[in-house]
Structure formats: structure tokens, C-alpha cells
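S.K.: Mind having a look at this structure? Questions to follow.
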Amino acid sequence: MSPPPRALHCGARILDLSQPQVMGVLNVTPDSFSDGGLYYRNHRLDIDTLLPRAEAMLADGATLLDIGGESTRPGAAPVSSDEEMARVLPALEALVQRLDAVISIDTSNPALMREAAGRGASMINDIRALQRPGALQAVAETRLGVCLMHMQGEPGNMQQQPRYACVETEVRDFLQARVDACLAAGIAADRLVVDPGFGFGKTVEHNLRLLNRLPVLTALGLPVLVGLSRKSLIDKVLNRSVEQRLAAGLSLASMAVIRGAAIVRAHDVRETVDALRMVSAVLAERQYKA
């Protein structure tokens, strides 16, 4: 097995992966499950609300910020390319001008990928793993990093009847195939991240098994990103509302890092950073003693 990657190349930036990193979530949507509408005023994106939130995430220890302009919660309806770009691009431009961070764009839209690359984005985070027509080529034409996520189905139907013979094997094989497609298109391995897609076409049992067997994915030799923050998995196990899921989310993030995750996508940045720094301290001590 190859050693874990120590860095991720994201355009002109290089993200240090010698310690687990936290990606802060900034959904510039009116309908995302957790923070939808948070940055809107009178039905318009309010940059003066968005910027302080982004600055606070960086001050709290995030090293990446992920901007999403289309809700991907279960049952979500798609939005047009023009609408997605109208939501995302003003936010991207404002953040790039003011902040020193890796800015990731959460999109499957090739047109937005190209526009974002030209306006200072560092990374593409695609729940469809560059499977939409033109997406693979759009990223190949840039130097951006890219996260390839597994999803069974589409947001509108993914939670209706997800089925797997062996969830970790099927997720691994899908991600390996998408990595191979990226390499064949000229996207270097040091630009790639993989994400098992917790909650995207998976039952509670699938999610728990996948987290328990996360080393199956780290064995691909690429950084693994996980998104477990405030997920409905917590509600289904503990019967907790979105506002009551912090403690459980921190436990899931910690377990993911112990099992090899390199990047954790989170809404509650300060608490997640603290939890992962403690995990890292314990793991470093164990490695030192060995």
C-alpha cells in the first residue's frame, strides 16, 4: 500500500495534508437542508452576511471553503445552469478578493467549472464525479483540484431504495473507475480527492458500514474527504434535529480521521477543528511510541 498523500495541488495553491484539514460549508442556496437561505436578504444573496461567516470559518481553523449553489439534499430539485452561476460566481469573486484560502466550488456544472476556474477557484467538489457531459474535459483544461464523490441515483431519488451487494466494495470500484478516467484525461493524481458520499444513496446501515470500513477507500492511495456534518444519519440513530447534531457529528468526524480521512467537510468549523486536533495529537503519540 502506498503512503498517504501529504499534499493536494489546487491550482496555484498546495494544501498541506500532513494533518487533517477542515472544509467549511457555505451554501449560497435558499433551500439547503441546514444553512439554506442563511446568506439571503430580500431574496438576494447578501455578500455582507456571507463574508463575515467565511472569515470566521478561516479564523476558526478551516483551510478550505466550499461554495454550493444547488441544494443536493434528498428530494432536491435541480436548478438551471444560469441560476446556479448567478448564485455562486458573485460569492466566489467576493471571497477570492478578500480571503487567503482554498476556495472549492460544489458543482457538477461544466460551464460553472470553467467560469470558476477563471475567477480564482482552487478546487471543484463534484457529487457526480465529473460524469456529466463535458465535466471531465472542463476540469482537465484547468489546474484545479477535484473531489470525486460516489452517489447512487440523483438527489431527487437517491434515498428511495438504495441497494448494494457490498457497499464499500462498490463505492471503491466506482471511485477507482472515476480516478482512472481522470488520469486518462490528463488530470494528475496529485489533484484528486475521493469522497464516499455519506448520505447520498445510502441507508443508515450502508453509512455505518462504510465509515467502519473507510480504510478500503484510503487504500486507493488518494486523500479521502468525508461529509458527515449534521447528516440525517444522526437523526435516524439518535432522533436529533439539525440543531442538536453537533456532538454526534464530531464523533463521526473523529472516527473518520482515525480511519484515514484527510479532509472533513463541516458546518461547525471551530468545534470540528478542535476535535480533529485532539485526534491528531493522540495518533501522533501512538506513532511516536511505536
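Residues checked against (1) part of a loop (DSSP other than H, G, I, E, B); (2) modelled with pLDDT of 85 or more; (3) out of contact with any helix residue (DSSP H, G or I) (no Cβ under 8 Å at 6 or more places or on another chain):
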| residue | (1), (2), (3) |
| --- | --- |
| Val22 | no, yes, no |
| Leu26 | no, yes, no |
| Phe33 | yes, no, no |
| Leu38 | yes, no, no |
| Leu51 | no, yes, no |
| Ile67 | no, yes, no |
| Ala77 | yes, no, yes |
| Leu95 | no, yes, no |
| Ala111 | no, yes, no |
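S.K.: I'd like the full set of residues that are assigned to a loop (DSSP other than H, G, I, E, B) and more than 17 Å from the chain's Cα centre (by Cα), limited to region 186-200.
M.R.: Of the residues in region 186-200, the ones assigned to a loop (DSSP other than H, G, I, E, B) are 186-188, 196-200.
Residues satisfying the conditions are Gly186, Ile187, Ala188.
S.K.: Going by what's in this entry, would Gln152 be described as in contact with a Gly (Cβ under 6 Å, 6 or more places away or on another chain), within 22 Å of Arg73 (Cβ to Cβ), in a loop (DSSP other than H, G, I, E, B) and of a type in the set (S, T, N, Q)?
M.R.: Details: in contact with a Gly (Cβ under 6 Å, 6 or more places away or on another chain): yes; within 22 Å of Arg73 (Cβ to Cβ): yes; in a loop (DSSP other than H, G, I, E, B): yes; of a type in the set (S, T, N, Q): yes.
Yes, satisfied.
S.K.: Next question. Does region 244-287 hold any residues that are assigned to a strand (DSSP E or B) and farther than 15 Å from Pro223 by Cβ, and which are they?
M.R.: Residue satisfying the conditions is Ala266 alone.
S.K.: Do we have Gly221 as of a type outside the set (Lys, Arg), under 16 Å from the mean Cα position of the chain (by Cα) and either open to solvent by less than 40 Å² (accessible area, probe 1.4 Å) or closer than 25 Å to Pro5 by Cα (or both) here?
M.R.: Values: of a type outside the set (Lys, Arg): yes; under 16 Å from the mean Cα position of the chain (by Cα): no; either open to solvent by less than 40 Å² (accessible area, probe 1.4 Å) or closer than 25 Å to Pro5 by Cα (or both): yes.
Taking the combined requirement at face value, the residue does not satisfy it.
S.K.: Could you please give the count of residues in region 115-149 that are open to solvent by 20 Å² or more (accessible area, probe 1.4 Å), in contact with a Ser or Thr (Cβ under 7 Å, 6 or more places away or on another chain), of a type outside the set (Gly, Ala, Ser) and touching a residue at least 40 places away in the same chain (Cβ under 8 Å)? Quick ask: steps written out before the conclusion?
M.R.: Let us first name the residues in region 115-149 that are open to solvent by 20 Å² or more (accessible area, probe 1.4 Å), namely 115, 117-120, 128, 131-134, 136-137, 140-143.
Going one step further and asking which of them are in contact with a Ser or Thr (Cβ under 7 Å, 6 or more places away or on another chain), we end up with 117, 128, 132.
The next check asks that each one be of a type outside the set (Gly, Ala, Ser); those that pass are 128, 132.
Still in the list and also touching a residue at least 40 places away in the same chain (Cβ under 8 Å): none.
Qualifying residue count for the region: 0.
S.K.: Hey, another quick one. Using the structure shown, decide if Thr272 is at pLDDT 95 or above and touching a helix residue (DSSP H, G or I) at 6+ places or on another chain (Cβ under 9 Å).
M.R.: Answer is yes for this residue.
S.K.: Looking at Leu183, Leu89, Leu130, which is the one that is in contact with a helix residue (DSSP H, G or I) (Cβ under 7 Å, 6 or more places away or on another chain) and outside any helix (DSSP H, G or I)?
M.R.: So the residue among Leu183, Leu89, Leu130 that is in contact with a helix residue (DSSP H, G or I) (Cβ under 7 Å, 6 or more places away or on another chain) and outside any helix (DSSP H, G or I) is Leu130.
S.K.: A follow-up question, please. Looking at region 231-247, I want the residues that are free of Cβ contacts under 8 Å to residues at least 24 places away in the same chain and have a partner that is open to solvent by 80 Å² or more (accessible area, probe 1.4 Å) and outside any helix (DSSP H, G or I) with Cβ atoms under 6 Å, at least 6 apart or on another chain. Which pairs are those?
M.R.: Qualifying pairs under 6 Å: Ile234/Arg240.
S.K.: Further question on the same structure: Is it the case, given these coordinates, that Val269 is β-branched (Val, Ile, Thr), out of contact with any Phe, Trp or Tyr (no Cβ under 9 Å at 6 or more places or on another chain) and surrounded by fewer than 15 Cβ atoms within 10 Å (Cβ to Cβ)?
M.R.: no
S.K.: Please go through region 155-168 and give me each residue that is farther than 25 Å from Ala121 by Cα and either open to solvent by less than 50 Å² (accessible area, probe 1.4 Å) or in a helix (DSSP H, G or I) (or both), ordered by number.
M.R.: Taking region 155-168 and keeping what is farther than 25 Å from Ala121 by Cα, we get 156-168.
Within region 155-168, Gly156, Met158, Pro162, Tyr164, Cys166, Val167, Glu168 qualify.
S.K.: Go through region 129-163 and count every residue that is more than 22 Å from Pro223 (Cβ to Cβ), at pLDDT 95 or above and not charged (D, E, K, R). Please lay out each step first, then the result.
M.R.: Within region 129-163, the first condition is being more than 22 Å from Pro223 (Cβ to Cβ), and the residues that meet it are 132-134, 137, 141, 152-163.
Filter once more, so that each one left must be at pLDDT 95 or above: 132-134, 137, 141.
Subset that is not charged (D, E, K, R): 133-134, 137.
The qualifying residues number 3.
S.K.: Turning to a different aspect of this structure: Go through region 169-218 and give me each residue that's charged (D, E, K, R) and crowded, with 17+ Cβ neighbours inside 10 Å.
M.R.: Filtering region 169-218 for residues charged (D, E, K, R) gives 170, 172-173, 178, 180, 190-191, 195, 202, 205, 209, 213.
Selection gives Arg172, Arg178, Arg191, Asp195, Lys202, Arg213.
The values are calculated or read from the model by the stated rules, or taken from the named source; none is laboratory data. This is a predicted model, so every value here is computed, not measured. Because the Cβ atoms are built from the backbone with ideal geometry, glycine has one as well, and the counts that use them run over all protein chains shown. Side chains are part of the model used for accessible areas, which takes the heavy atoms of the whole protein and leaves out ligands, DNA and RNA. Shrake-Rupley method; radii C 1.70, N 1.55, O 1.52, S 1.80 Å.
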